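I have placed the structure first, in the form of structure tokens, so that the comments after it can refer back to it.
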Amino acid sequence: MIKKKRPTLQDVANIVGVTKMTVSRYLRDRSLVSSEIQTKIALALEELGYIPNRAPDLLSNAKSHAIGILVPSLTNQVFSEVIRGIEKVTQAAGYQTMFAHYGYSAELEEKRISFLLSYHIDGLILSESHHTARTLKMIKTADIPVIEMMDVASPAIEQAVGVDNLEAGYQMVSTMIARGYKHIVYLGARLDARTRFRQQGYEKAMQEHGLTTKSVMTEAPSSFTLGAELLTRTLAEQPQTDGLFCTNDDLAIGAVFEAQRCGIKIPDQIAIAGFHGHDVGQSMVPKLATVITPREEIGRVTAEQLIARLNGQAVDHKVIDLGFTIQTGESI
């Protein structure tokens with residue numbers, strides 16, 4: 001595969017009508033050039049999708065044998081398992097991994113991707129399917145294999161590996177409805193795309209059965225404490241609630257603990273279901289109902305696909321859906 005030539009400092013300088021040294025000074029410290037030139041250079045950088053080069057010039061076209069990996073959190077158990085799956089493959093293939101986290105922020109993701117691309121990584125693994133315009137331009141300019149993991153419902157830049165979060169939400173809520181629950185509320189946090197897809201699945205199932213939808217959402221990070229708080233808030237606003245479908249196990253487990261503290265019987269008075277299938281939810285009493293997702297397999301397959309493409313293989317499957325399992329547990 002013939003790679004496209006990346007924009008250079010000279011290309012930027014030619015557009016602005018200044019010397020390459022002026023552009024270099026701007027990149028080091030904007031205050032070193034006039035405000036008028038600052039504006040012109042910024043526009044040229046944006047137009048070209050320019051990526052700074054932190055590698056020596058002589059090595060700029062060489063393989064780095066490094067893969068950039070963007071995850072929203074390095075402490076989230078979901079992504080620690082995904083990373084384990086990735087590194088089992090990359091380590092065996094002789095590739096180094098460069099990790100960056102972006103805290104569920106598209107703007108911070110853009111900065112992290114710019115940083116990783118500046119080291120001329122050979123491939124890029126992303127954990128989101130929605131990106132800023134500049135991120136998309138940089139990726140196009142870099143001309144390296146890119147895979148988006150975790151979700152397969154959104155259009156992919158090149159290739160996606162993960163699960164259908166909308167369908168998973170639909171199947172879990174349909175199971176709860178089949179067991180007789182009618183006043184089910186969806187609890188969401190972070191409000192990233194995957195949380196939104198699960199909410200859409202919840203709404204689809206409820207509407208198919210002529211039931212009223214109600215979502216209690218927050219941009220706060222998930223935790224057991226937040227799950228407890230959302231349960232309290234939900235029952236205060238919707239006392240008839242007889243079921244909760246939570247965007248992840250953290251919220252669900254927190255809700256279970258709070259219900260037990262308040263003497264609310266599970267599942268007799270309220271059913272609670274989570275998402276992902278963490279060990280703690282499967283070992284507690286009652287055993288948590290949840291959507292079990294193949295996190296480590298997602299990482300493994302993503303890395304295998306990326307390395308295959310780095311070795312010259314074409315993309316056979318633009319979307320690879322690894323599926324999910326509905327664990328009914330004892331909490332619904």
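Over what distance in Å are the Cα centres of the stretch 220-250 and the stretch 120-143 separated?
Result: 35 Å between the Cα centres.
Please express the shape of the stretch 169-256 as an equivalent ellipsoid: the semi-axes are the square roots of 5 times the eigenvalues of the C-alpha gyration tensor, given largest first in whole angstrom.
On the way: eigenvalues 74, 43, 22 Å².
Semi-axes, largest first: 19, 15, 11 Å.
Under a 10 Å cutoff between Cα atoms, tell me which one of 254, 94, 188 has the largest fluctuation in the Gaussian network model of the chain.
94
Based on the Cβ-Cβ distance from residue 326 to residue 223, what FRET efficiency comes out when R0 is 25 Å, to the nearest 0.05?
Working: r = 24 Å, r/R0 = 0.98.
So the FRET efficiency works out to roughly 0.55.
Hand me the trypsin sites (Lys or Arg not before Pro) from the stretch 62-104 located in a DSSP loop with no more than 14 other Cβ atoms within 10 Å, in residue order please.
Details: sites: 63, 84, 88; in loops: 63.
Passing both the DSSP loop test and the Cβ count: 63.
Name the residue from 64, 153, 105 whose Cα lies farthest towards the positive end of the charge dipole of the stretch 46-175, charges +1 on Cβ of Lys and Arg and -1 on Cβ of Asp and Glu.
So the residue we want is 64.
What number, in percent, do you get for the relative contact order of the chain if the mean sequence gap of Cα pairs under 8 Å and at least 6 apart is divided by its residue count?
Numbers: 627 pairs, mean separation 56.5, N = 332.
Taking the mean separation of contacting Cα pairs over the length of the chain, I get 17 percent.
For the stretch 243-332, what log10 I(q)/I(0) values come out of the Debye formula at q = 0.11, 0.12, 0.14, 0.23 1/Å, with one point per alpha carbon and no solvent?
Taken in order of the listed q values, log10 I(q)/I(0) reads -0.42, -0.47, -0.56, -1.01.
Under a point-charge model restricted to the Cβ atoms of Lys and Arg (+1) and Asp and Glu (-1), what is the dipole moment magnitude of the stretch 105-199 relative to its Cα centre, in debye to the nearest 20? Working shown, then result.
Values: 11 positive and 12 negative charges, 94 e Å.
Charge dipole of the stretch 105-199: 460 debye, to the nearest 20.
Report the full-extension gain for the segment residue 158 to residue 238: residue separation times 0.36 nm, less the Cα-Cα distance, to one decimal in nm.
Numbers: separation 80, 0.36 × 80 = 28.80 nm, distance 4.32 nm.
Computed gain between residue 158 and residue 238 is 24.5 nm.
To the nearest 0.05, how large is the calculated FRET efficiency for residue 213 and residue 19 if R₀ is 56 Å and r is the Cβ-Cβ distance? Don't jump to the answer; show the numbers that get you there.
On the way: r = 60 Å, r/R0 = 1.08.
My answer for the efficiency is 0.40.
Hey, with R₀ at 35 Å, roughly what FRET efficiency would residue 100 and residue 284 work out to, going by the Cβ-Cβ distance, to 0.05?
Working: r = 33 Å, r/R0 = 0.95.
Computed FRET efficiency for residue 100 and residue 284: 0.55.
How large is log10 of I(q)/I(0) for the stretch 174-222 at q = 0.22, 0.23 Å⁻¹ when the intensity is taken from the Debye formula with one equal scatterer per alpha-carbon?
-0.76, -0.81
Please compute the contact order of the stretch 21-152 in relative form: average sequence separation of alpha-carbon pairs under 8 Å and at least six residues apart, divided by the residue count, as a percent. Intermediate values should be presented prior to the final figure.
Working: 162 pairs, mean separation 37.5, N = 132.
About 28 percent, as a whole number.
Using only Cα atoms, find the angle between the long axis of helix 193-208 and the longest principal axis of the chain, and express it within 0 to 90 degrees, rounded to the nearest 10.
The angle comes out near 40 degrees.
Would you work out the Kirkwood radius for the stretch 242-295? I mean one over the mean of 1/r across all pairs of different Cα atoms, in Å.
By the Kirkwood definition, the hydrodynamic radius is 10.9 Å.
May I ask you to give the percent of accessible area on the chain that is carbon plus sulfur, with a probe radius of 1.4 Å? Before the final figure, lay out each step's value.
Working: 7650 of 15180 Å².
Exposed carbon and sulfur together represent 50 percent of the surface.
Project the alpha carbons of the chain onto their principal axes and report the range along each, largest first, in whole Å.
Here the spans come out as 73, 45, 33 Å, largest first.
Excluding residue 249 itself, what net charge comes from residues whose Cβ is under 13 Å from its Cβ, given Lys and Arg +1 and Asp and Glu -1?
Numbers: positive: 198, 287, 295; negative: 81, 250, 279.
It works out to a net charge of 0.
Relative to the longest principal axis of the chain, what angle (0 to 90°, nearest 10) does the C-alpha long axis of helix 165-178 take?
With rounding to tens, the tilt is 0 degrees.
Compute the angle between helix 224-237 and the longest alpha-carbon principal axis of the chain, please, reported from 0 to 90 degrees and rounded to the nearest 10.
Tilt relative to the chain: about 60 degrees.
At 0.36 nm per residue, minus the direct Cα-Cα distance, what do residue 264 and residue 8 gain on full extension? Give it in nm, one decimal, please.
85.7 nm
Taking the chain as a Gaussian network, where each spring joins two C-alpha atoms under 10 Å apart, which residue of 157, 264, 83 fluctuates the most?
Comparing 157, 264, 83 in the GNM, the peak value goes to 264.
Name the residue farthest towards the positive end of the dipole of the stretch 209-285 from the options 273, 239, 227, assuming +1 on Cβ of Lys and Arg, -1 on Cβ of Asp and Glu, about the Cα centre.
239
Rolling a 1.4 Å sphere over the protein heavy atoms, what is the accessible area per residue of the stretch 120-183, to the nearest Å²? Working shown, then result.
Details: 1940 Å² over 64 residues.
Roughly 30 Å² per residue, with all protein chains present.
The values are calculated or read from the model by the stated rules, or taken from the named source; none is laboratory data. Note that the coordinates shown come from a computational prediction; the quantities given were computed from them, not determined experimentally. Quick reminder, even Gly has a Cβ in these numbers, built from the backbone with ideal geometry, and neighbours come from all protein chains shown. Just so you know, the surface numbers come from the protein's heavy atoms only, side chains and all, with ligands and any DNA or RNA stripped out. Shrake-Rupley method; radii C 1.70, N 1.55, O 1.52, S 1.80 Å.
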